[in-house]
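Q: Can you keep this structure in mind? I'll have questions shortly.
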Amino acid sequence: MSRDVSFLEGKTALVTGASGDIGFGLCQRLISYGIQLVITGRNPEILEKRAEDLRAAGGKVLTYVGNLESEAFMDRLINYTIDNYESLDILINSAGLAHKSPIEDVTPELFDTIMKVNVRAPFFLAQKALPYLRLSDTATVINMCSVVAHRSYVDQSAFTVSMHALLGASKALANEIHKNGDNIRVHVITPGAVNTDLIQMVRPDLDPKDLIHVEDVADVMSFYLEHRHSAFITDEIRMHRLDKTPFI
Ligand SMILES: NC(=O)c1ccc[n+]([C@@H]2O[C@H](COP(=O)([O-])OP(=O)(O)OC[C@H]3O[C@@H](n4cnc5c(N)ncnc54)[C@H](OP(=O)(O)O)[C@@H]3O)[C@@H](O)[C@H]2O)c1
């Protein structure tokens with residue numbers, strides 16, 4: 001049975017972390033629905049290369065370079081999206097920072113940077129996007145979180161704190177939206193190790209063949225987007241590697 005997903009065509013998505021492996025994979029899937037994109041990251045060359053690849057695949061894609069640690073940049077990013085597309089239907093928060101260091105080596109600066117990118121940015125971007133999302137019939141916020149939101153891994157302390165906080169921020173947003181009766185959906189994806197550069201850095205011990213694929217994460221995003229008109233909502237989908245113990 002093929003589902004009618006034509007309602008997604010021409011919608012506008014803002015994707016952070018689009019120069020990263022997961023963010024880019026999500027963008028590839030988004031353009032396959034005919035969704036127009038604003039993509040963002042700090043490195044102009046990498047971001048433009050990602051945009052060129054997406055345009056070559058038929059995507060309508062604009063880039064906006066900047067640092068999500070800056071609140072002024074977040075304002076400009078939202079304004080840029082509205083100025084160019086006059087709409088914002090889908091916010092995907094996929095920018096994120098991880099680290100691999102014992103707790104003694106986590107400096108206040110590193111801790112603050114991780115919290116700013118992984119928690120503060122998605123929190124305030126969603127806040128700033130709300131007035132525009134309220135105008136949309138497909139309003140969706142998807143936060144790229146991590147299984148670490150439910151446990152902790154050694155040498156990932158600040159990352160662990162940030163993912164617990166991002167899950168909390170997602171719950172808080174979803175509950176306020178629900179209370180207000182806004183037609184905005186908030187979803188979280190909590191994957192384990194995905195085959196990306198980031199995971200090579202924090203878990204070089206893992207065999208790439210055992211890792212989750214970026215396309216698997218995109219499949220979860222598709223599930224959220226395509227089930228827009230069903231009479232249920234899925235708040236969070238946890239994804240773990242096949243070789244991990246289930247349900248923990
Ligand atoms: N990879 C995994 O196994 C895995 C598993 C679970 C959860 N996650 C989560 O999924 C998300 C994406 O992961 P990934 O593997 O795609 O990571 P990645 O390849 O390292 O990409 C990270 C992205 O975040 C952007 N970014 C970092 N700091 C930024 C800042 N200050 N301002 C603006 N953009 C910034 C990077 O762009 P620039 O560097 O160009 O700024 C890049 O686009 C992260 O939140 C991560 O925690 C990943």
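Q: Report, in whole Å, the centroid distance computed from the Cα atoms of the stretch 191-232 and the stretch 30-89.
A: Centre-to-centre distance over Cα atoms comes out at 21 Å.
Q: Shape call for the chain from the C-alpha gyration tensor, a ≥ b ≥ c root eigenvalues: rounded (a/c under 1.5), prolate (a/b greater than b/c) or oblate?
A: On the way: a/c = 1.37, a/b = 1.30, b/c = 1.06.
Cα axes put the chain in the rounded bin.
Q: So how do 164, 178, 229 line up by other beta-carbon neighbours within 10 Å, fewest first?
A: On the way: 164 18, 178 13, 229 10.
Ordered by Cβ neighbours within 10 Å, fewest first: 229, 178, 164.
Q: Stokes-Einstein D for the stretch 67-209 at 37 °C, 0.692 mPa s, Kirkwood Rh over Cα pairs, in µm²/s? Intermediate results must be reported in sequence, preceding the final value.
A: Values: Rh = 16.1 Å.
Using the Kirkwood radius from Cα pairs, D works out to 203 µm²/s.
Q: Okay, moving on. Pick out, in residue order, every one of the GluC sites (Glu not before Pro) in the stretch 76-141 that is DSSP loop and has at most 12 other C-beta atoms within 10 Å; say none if there are none.
A: Numbers: sites: 86, 104, 109; in loops: 86.
Within the stretch 76-141, the qualifying GluC sites (Glu not before Pro) (loop, at most 12 other Cβ atoms within 10 Å) are 86.
Q: While we're looking at this one, here's another question. When Lys and Arg each count +1 and Asp and Glu each count -1, what net charge do the other residues less than 14 Å away from residue 22, Cβ to Cβ, add up to?
A: Numbers: positive: 29, 50; negative: 21, 197, 215, 216, 219.
It works out to a net charge of -3.
Q: Note the direction-averaged projected area, equal to a quarter of the hull surface, for the Cα convex hull of the stretch 1-136, in nm². Intermediate values should be presented prior to the final figure.
A: Numbers: hull surface 38.9 nm².
Result: a mean projected hull area of 9.7 nm².
Q: Under 29 Å between C-alpha atoms is the cut-off here; go through the chain and count lysine pairs that meet it, provided they're at least eight residues apart or on different chains.
A: Lysine pairs meeting the criterion: 24.
Q: Can you figure out the FRET efficiency of residue 150 with residue 113, using R₀ = 30 Å and their beta-carbon distance, to the nearest 0.05? Mind dumping the intermediate values first?
A: Working: r = 23 Å, r/R0 = 0.77.
Plugging the Cβ-Cβ distance into 1/(1 + (r/R0)^6) gives 0.80.
Q: Starting from 0 in steps of 5 Å, tell me what percent of the Cα-Cα pairs of the stretch 195-237 lands in each bin.
A: Reading the bins upward from 0: 5, 19, 21, 15, 14, 11, 9, 5, 1.
Q: For every helix of n ≥ 4 consecutive DSSP H residues, a contribution of -39,500 (n - 2.57) applies; sum these over the chain, divide by its total residues, and give [θ] at 222 nm rounded to the nearest 500 deg cm²/dmol. Intermediate results must be reported in sequence, preceding the final value.
A: Numbers: 8 runs with 104 residues, N = 248.
Computed mean residue ellipticity for the chain: -13500 deg cm²/dmol.
Q: Using the count of nearby Cβ atoms within 10 Å as a rough guide to exposure, how do 3, 185, 42 rank from fewest to most?
A: Details: 3 10, 185 22, 42 15.
Ordered from fewest to most neighbouring Cβ atoms within 10 Å, 3, 185, 42 come out as 3, 42, 185.
Q: Please turn the phi angles of the stretch 114-120 into ³J(HN,Hα) values with the Karplus equation 6.51 cos²θ - 1.76 cosθ + 1.60 (θ = phi - 60°), one per residue in order, whole Hz, x for glycine and proline.
A: 4, 5, 5, 6, 7, 10, 4
Q: Another question about this same structure. Just want the ordering: 31, 189, from fewest to most Cβ atoms lying within 10 Å of their own Cβ.
A: 31, 189
Q: So, one more: Name all residues of the stretch 161-180 having a backbone nitrogen under 18 Å from the label point set 7 Å from the Cα of residue 235 along its Cα→Cβ direction, giving them as ranges.
A: Once the point is set 7 Å along Cα→Cβ of residue 235, 163-180 turn out to lie under 18 Å by backbone N, inside the stretch 161-180.
No lab work stands behind these numbers, since they all come straight from the coordinates. Worth saying up front: this structure is predicted, and the values here are computed from it rather than measured. With ideal geometry, Cβ positions are generated from the backbone for all residues, glycine too; neighbour counts draw on all protein chains shown.
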